[in-house]
Protein chains: 2
Amino acid sequence: MPWEKSFDESDVVEKTMQVFWKKGYAATSISDILDVTGIKRGSLYNAFDGKDDLFMRGLLKYDAEQRRSMMRELESVDDPREAISMFFDFIVRRSNSDSDQKGCFLVNTSLEFSQHSEAVQKVVTDAFKEISAFFEKQIKRGQEGGSIPDTISPRETAKALVASLVGIRVMGRGTFGKAALQQIADQAKRLIA
Amino acid sequence: MPWEKSFDESDVVEKTMQVFWKKGYAATSISDILDVTGIKRGSLYNAFDGKDDLFMRGLLKYDAEQRRSMMRELESVDDPREAISMFFDFIVRRSNSDSDQKGCFLVNTSLEFSQHSEAVQKVVTDAFKEISAFFEKQIKRGQEGGSIPDTISPRETAKALVASLVGIRVMGRGTFGKAALQQIADQAKRLIA
DNA sequence: GCCTGTTTGGACCTTTTGGTCAAAAAACGG
DNA sequence: CCGTTTTTTGACCAAAAGGTCCAAACAGGC
């Protein structure tokens, strides 16, 4: 059994993810990836299947490390109102602390829609569905506990919260200033007030 | 004085706009534009400056014909609450009636952020600022007339409405179903209830 | 220290990219 | 019907795209 790779495979995926995240799929070239990873062409194609493969891996990594891990933390928050509130604050903080203003990789990808495979599209839509389901669950919990009014519709309000979240992610790429994002988040919370 | 162009220049811009709108800047090639317009390479470069120029013209056309013209109509609506409501319904209808699910050209462009010139970025940010200002104005009018509660902040609520709008436009590209968009819009309206 | 099987580097390939150019074609004034 | 002026056409270009390939470099087992 001879030899291990000299480069860290997951490190390459990480760096590749960053580029796709920032520039999008179409605007990112293999040369860009070579530059940022320091790896050589042959090594890349020896370890991965190509551009699509790299993109998918990056997207899955993002989904696991950013979205899923955050949601796992929030699942353990007792107060459902607080869980939703923290979700928004977390996203605002994330948006405002990224000097590259890359936004959300999932949102960005959802707008490159047509140029992606069904598999990629599924990752994105599933992610949004899960976020929506999370909000819905928390709203129901809040209604049971009496902290959220029974008059609102859990499912529809959940979708509205997702839309606000997406809006924050888009506007966070430069259209509005930093202060605005928190303001939007605070307004969105009024939907469950 | 000899000869007029055999092709309709504004027709070329229209068709070009549709392609950029649907596929984005990076994923659209000159050949795509040639195909969809039926024009030949030389003619294109004789009439326009290049890809960037075409993109800018398309974006300006969209802004004028879609966003500005809609807002002009809404300016003349008496009831401020109704004006805001109609804005959302209009966008929902537009999203749901587009079989290509192209979304909003301005929103799409705002996510291609980094690859565009300052001039393009300005068109986008100005558009959002104007929409926000429109909402703010209507909210203030509503408060003066008594149809919108004084307790809400006009400026911040306006921004939240913009974010919701953007969210609808993004989710309208395929993530959520058609019914969901109207539901989100209806929830967003609760911010001024 | 040599054989074995993998990784590496980079030359190379084809296709596509955005863009140029010169010759041919066409409408107008005279 | 002839020059002038502009559009049109398609060949052409250099650069960049994504991807392939193979000789050289390499770390194990024996």
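The values are calculated or read from the model by the stated rules, or taken from the named source; none is laboratory data. Worth saying up front: this structure is predicted, and the values here are computed from it rather than measured. Neighbour counts are summed over all protein chains in view; Cβ atoms, including those assigned to glycine, are modelled from backbone coordinates with ideal geometry. Quick note on the areas: whole protein, heavy atoms, side chains included, nothing else; ligands and nucleic acids left out. Shrake-Rupley method; radii C 1.70, N 1.55, O 1.52, S 1.80 Å.
Every condition in (1) assigned to a helix (DSSP H, G or I); (2) more than 7 Å from every other protein chain (Cβ to nearest Cβ); (3) not hydroxyl-bearing (S, T, Y) holds for B:L191 except the one numbered (2). Could you pull out the residue among B:G38, B:G50, B:G24 that is on the phi > 0 side of the Ramachandran plot and either among the hydrophobic types (A, V, I, L, M, F, W, C) or within 14 Å of chain A (Cβ to nearest Cβ) (or both)? On inspection, the qualifying residue turns out to be B:G24. At least 1 residues that are more than 16 Å from DNA strand D (Cβ to nearest atom) in each: list the helices (runs of 4 or more DSSP H) lying fully within segment A:25-88 that qualify. So the answer is A:51-62, A:69-75.
Residue selection: A:S10 satisfies the criterion of being within 16 Å of DNA strand C (Cβ to nearest atom), modelled with pLDDT under 95 and open to solvent by 40 Å² or more (accessible area, probe 1.4 Å). In segment A:142-163, the qualifying residues are those that are open to solvent by 50 Å² or more (accessible area, probe 1.4 Å) and in a helix (DSSP H, G or I), and the one that is nearest to B:Q183 (Cα to Cα) is A:E156. Scanning segment A:1-50 for residues that are within 19 Å of A:F113 (Cα to Cα) and aliphatic (A, V, I, L, M) returns A:M17, A:V19, A:A26, A:A27. Scanning segment A:164-180 for residues that are assigned to a helix (DSSP H, G or I) and either in contact with a Lys or Arg (Cβ under 6 Å, 6 or more places away or on another chain) or within 9 Å of another protein chain (Cβ to nearest Cβ) (or both) gives A:S164, A:L165, A:V166, A:G167, A:I168, A:R169, A:V170, A:M171, A:A180. Residues that are touching a Leu at 6+ places or on another chain (Cβ under 7 Å) and either surrounded by fewer than 22 Cβ atoms within 10 Å (Cβ to Cβ) or not small (G, A, S) (or both) within segment A:95-130 comprise A:N96, A:F105, A:N108, A:T109, A:L111, A:V120, A:V123, A:V124, listed in sequence order. When A:R155 is tested against (1) of a type outside the set (A, V, I, L, M); (2) without any contact (Cβ under 8 Å) to a residue 40 or more places away in the chain; (3) more than 10 Å from chain B (Cβ to nearest Cβ), only condition (3) is not met. A single member of A:I139, A:I184 is in a helix (DSSP H, G or I) and facing another protein chain (nearest Cβ under 8 Å), and it is A:I184.
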